[in-house]
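Remarks on the structure that follows.
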Amino acid sequence: MESQWSFFESAIRELKEEVEAVRWMDYEECRQKVHDGAMPNCIYEDEFRMVGEYLDRVSVCR
């Protein structure tokens, strides 16, 4: 799990000019907020689903 977070943290550092804020939360909670339009974002739902599929492959905790 630690390497998973390291991956995301390094990706955010590389894109720091494009990242306004970071909010860590449960994937399903975040997916629902993206779907409902309850959280401002710039990701398409199909892209977000691909992130979830990746997390399923690499995580035993999810």
Could you list, in sequence order, the residues of region 24-60 that are charged (D, E, K, R) and in a helix (DSSP H, G or I)? Glu28, Glu29, Arg31, Lys33, Asp36, Glu45, Asp46, Glu47, Arg49, Glu53, Asp56, Arg57
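Just to verify a result, which residue in region 3-24, among those that are open to solvent by 90 Å² or more (accessible area, probe 1.4 Å) and hydrophobic (A, V, I, L, M, F, W, C), is modelled with the highest pLDDT? Full working, then the answer.
Within region 3-24, the subset open to solvent by 90 Å² or more (accessible area, probe 1.4 Å) is 3, 7, 13-14, 16-18, 20, 23-24.
Next cut, hydrophobic (A, V, I, L, M, F, W, C) only: 7, 24.
Values: Phe7: 71, Trp24: 84.
Step by step, filter region 3-24, then rank; the result is Trp24.
The values are calculated or read from the model by the stated rules, or taken from the named source; none is laboratory data. Remember, it's a predicted structure, so these values are computed and weren't measured experimentally. These accessible areas exclude ligands, DNA and RNA; they are computed on the full protein's heavy atoms, side chains included. Shrake-Rupley method; radii C 1.70, N 1.55, O 1.52, S 1.80 Å.
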